[in-house]
1. Test of understanding: what is the full-extension gain from SER124 to ASP139, defined as 0.36 nm times their sequence separation minus their Cα-Cα distance?
2. Which percent of the Cα-Cα distances in the stretch 20-120 go past 18 Å?
3. Can you pull the accessible area of MET77 for me, 1.4 Å probe, Å² to the nearest 10?
4. What does DSSP give for the stretch 117-235 in terms of the percent of beta bridges that are antiparallel, rounded to the nearest 5?
5. Using 0.36 nm per residue, how much length does the chain from GLN64 to ASN44 gain when fully extended, once their Cα-Cα distance is taken away?
6. Considering only C-alpha atoms, what is the centroid distance from the stretch 26-87 to the stretch 104-148, in Å?
7. Which of the lysines could be linked to LYS67 by a straight reach, that is with a Cα gap under 25 Å, when you skip same-chain ones fewer than 8 residues away?
8. Write down the percent of antiparallel bridges among all DSSP beta bridges whose residues are both part of the chain, to the nearest 5.
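The values are calculated or read from the model by the stated rules, or taken from the named source; none is laboratory data. Quick caveat: nothing in here was measured; it's all calculated off a predicted structure. So basically every Cβ, Gly included, is an ideal-geometry build from the backbone, and we count neighbours across all protein chains shown. Keep in mind that these areas ignore ligands, DNA and RNA; they rest on the heavy atoms of the full protein, side chains included. Shrake-Rupley method; radii C 1.70, N 1.55, O 1.52, S 1.80 Å.
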Amino acid sequence: MNILITGGSGGIGLAMVKSILKAMPDATVHATWRSQKPEFQHDNLNWHTLDLTSETQIQSLSNQLPKLDWLINAAGMLHNHNHQPEKTIQSIEPEFFLESLKINTLPSLLLARYFQSALKQSESSCFAVISGRVGSITDNQLGGWISYRSSKAALNMALKTLSIEWKRKVPKCTILSLHPGTTDTGLSKPFQRNVPPEKLFTPEKAASQLLNVILKSTPDCTGKFLAYDGAELPW
């Protein structure tokens, strides 16, 4: 199998790289990093530098990988050095809102556009993206985090729409929107105080659970929003 993991240098992304290499020793894994290349190396692992906000770089990488079985996008942003998730509408800043869409939503659309042909070459392909329960409109009971929620809800709509198109164009590909649970990474670190210990997953556990969901999925699951335990989540 040929597998591409974008955002492979992040907490969940790197754990996914390691989990797949351990569980699938015959797989060739390609993984991407943006600002700092991970030290982890493996005979079946190829690192690529990639800015997921650059359409040109995504297109260039697709030219290097003409056939893929899986593409997993593990990149995402909740906060940055200058902004925390909004607690109120009064905190909305256009630049941060647009940056959330640029990082959490648009890259998956560009990856789908440029890797459609590569995934079509496989007899059983998967296009999976790390989303989040906070992107569920139905499940939103707390409010807040407007930019992050909106970008993940937009991502979910994009993946659902893509799944309808690819049922015709790439019928052997399963498209999944995945909720990893609260994972102990830099993304969630400032917001873990009220998370019960049993609900705070290590990156390794989150990756193992997500890999299990992907392995159990079939084309009949395409376009679904699934949690780390395989439960279907409401849009």
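1. Result for the pair: 2.2 nm of gain on full extension.
2. 57 percent
3. For MET77, the solvent-accessible surface is approximately 20 Å².
4. 10 percent
5. 5.6 nm
6. Spelled out, the Cα-based centre of one part sits 14 Å from the other.
7. LYS18, LYS22, LYS37, LYS120, LYS160, LYS167, LYS169, LYS172, LYS216, LYS224
8. Counting only bridges with both partners in the chain, antiparallel ones make up about 5 percent.
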